[in-house]
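This report concerns only the one structure given below.
The values are calculated or read from the model by the stated rules, or taken from the named source; none is laboratory data. Treat the numbers as computed from the prediction; the structure is a model and nothing was measured. No Cβ is skipped: glycine too gets one built from the backbone with ideal geometry, and neighbour counts run over all protein chains shown.
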Amino acid sequence: MYNSKITGLGFYVPEHIVTNDDLSKLMDTDDEWIQERTGIKQRHWIPEGSEDTSAVMGAKAAKIAIERAGLTKDDIDFIVFATLSPDYYFPGCGVQIQDMLDMPTIGAIDVRNQCSGFIYALSTADQFIKTGMYKNVLVIGAEYHSNGLDKSTRGRGVSVIFGDGAGACVLSQTEDNTKGILSSHLHSQGKHADKLIVASPSIKHWVPEILASKEEDISYFPYMDGTFVFKNAVVRFSEVIMEGLNTNKINPDDIDLFIPHQANLRISQFIQKKFGWRNDQVYNNIMEYGNTTAASIVIALTEAWEKGKVKEDDIVVLAAFGSGFTWGSVIIRW
Ligand code: UT7
């Protein structure tokens, strides 16, 4: 068995910033409500006319990660792409990355695990490296939310939360079995699928039926039972972090950095308080980017690393919860 460690990180967000005040011109909302309930001050949205998509942003982030790993695109053995907002119904974004980066005909898979997408993708890549099948795996999380949101007052409970962006890392084989990904823990509970969902178009409710409804059918917009999701999130986050720490016999006090999926600053603060972590032990950036779903953890990890907050030998805890429900954690010794 081999160990895997992150050797390169990168992220990309569109330049175009949308503030809470900008949103209040589109719908009945205000900066105070959004900041108080979510912590979000602004998000980046792909502007009209831009060529950015989930795959295009993913490719931009991936190029940075590969370069920082000291590798070239020809050194990558496999691609894992996490997104809930793929460019196409099919094929997935992973194969687009293979083409956009002009890579050899390596394998590529898409992971469909929404907010937990990056955790699932990282864990998937880790398994390929642990078995010795691959040496360098490119892991990408990217989301193009803004084009699919209901930007009227009707959709304000969901639309103010989400932002566009992409992050990527290179996971590489290492001989040092004391470092890298120590463990990953993945869970799901499909009975709550309808609590956070984009229900259509689905193969059982295809486009002509939606069009025939003469705009009454809005099942192609994201729906969230926010309170229910929030309550489940705080419980599952805590459980899966504890599961990871217990597996590795790590005391919560001994972690160096916790990077939660950026769903809501209140959720992150609840978890921080529960574990008694200081501010310097937790990294949040939802204030600047909103919730970028599968991209959020890897964007935050990249930013934290760029700011020198992730150092050799640090214990880094990543955790996520979201639609599915799915949730998971990854424990890393850097
Ligand atoms: O990333 C995947 C996982 N996602 C999460 O973990 C998100 C979990 N849930 C949440 O973060 C929160 O539930 C939200 C931020 C989505 C909503 O916050 P909340 O405190 O649960 O608010 P609420 O949905 O209970 O709505 C409270 C009020 C309602 O008005 P009434 O019925 O009390 O008159 C809403 O209509 O706030 C109203 N409201 C808004 N007002 C201004 C909802 N959205 C907005 C808005 N601006 N954008």
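For the reader, a short list of remarks on this structure follows.
- The residues of region 226-280 that are in contact with a Cys (Cβ under 8 Å, 6 or more places away or on another chain) and among the small types (Gly, Ala, Ser) amount to a single one, Ala263.
- Here Ile34, Ile76 are screened, and the one residue that is of a type outside the set (D, E, K, R) and away from the ligand (no atom under 16 Å from the Cβ) is Ile76.
- Residue in region 236-245 that is in contact with a His (Cβ under 7 Å, 6 or more places away or on another chain), within 16 Å of the ligand (Cβ to nearest atom) and of a type in the set (Gly, Ala, Ser) present: no
- Considering region 93-138, and only residues there that are of a type in the set (Ser, Thr, Tyr) and surrounded by fewer than 20 Cβ atoms within 10 Å (Cβ to Cβ), the residue that is farthest from Met57 (Cα to Cα) turns out to be Thr131.
- Among the residues listed as Asp150, Asp126, the single one being of a type outside the set (Gly, Ala, Ser), farther than 19 Å from Phe11 by Cβ and within 12 Å of the ligand (Cβ to nearest atom): Asp150
- Filtering Ile259, Ile297, Ile271 for residues that are within 16 Å of the ligand (Cβ to nearest atom) and surrounded by fewer than 23 Cβ atoms within 10 Å (Cβ to Cβ) leaves a single hit, Ile271.
- Note on region 1-47: residues that are farther than 23 Å from Val139 by Cα, among the hydroxyl-bearing types (Ser, Thr, Tyr) and within 23 Å of the chain's Cα centre (by Cα) total 2.
- Any hit, region 106-119, residues being over 21 Å from the mean Cα position of the chain (by Cα) and away from the ligand (no atom under 14 Å from the Cβ): yes
- Only listed residue being within 21 Å of the chain's Cα centre (by Cα) and surrounded by fewer than 24 Cβ atoms within 10 Å (Cβ to Cβ), chosen from Gly165, Gly155, Gly148, Gly141: Gly148
- Residue ranges of helices (runs of 4 or more DSSP H) in region 231-334 with at least 2 members more than 26 Å from Ala65 (Cβ to Cβ): 265-275
- Conditions (1) at pLDDT 95 or above; (2) in a loop (DSSP other than H, G, I, E, B); (3) surrounded by fewer than 22 Cβ atoms within 10 Å (Cβ to Cβ): number failed by Met1: (1)
- Residues (touching a Phe, Trp or Tyr at 6+ places or on another chain (Cβ under 7 Å) and not small (Gly, Ala, Ser)) located in region 197-240: Ile197, Val198, Pro201, Ile210, Asn232, Val234, Arg236, Phe237, Val240
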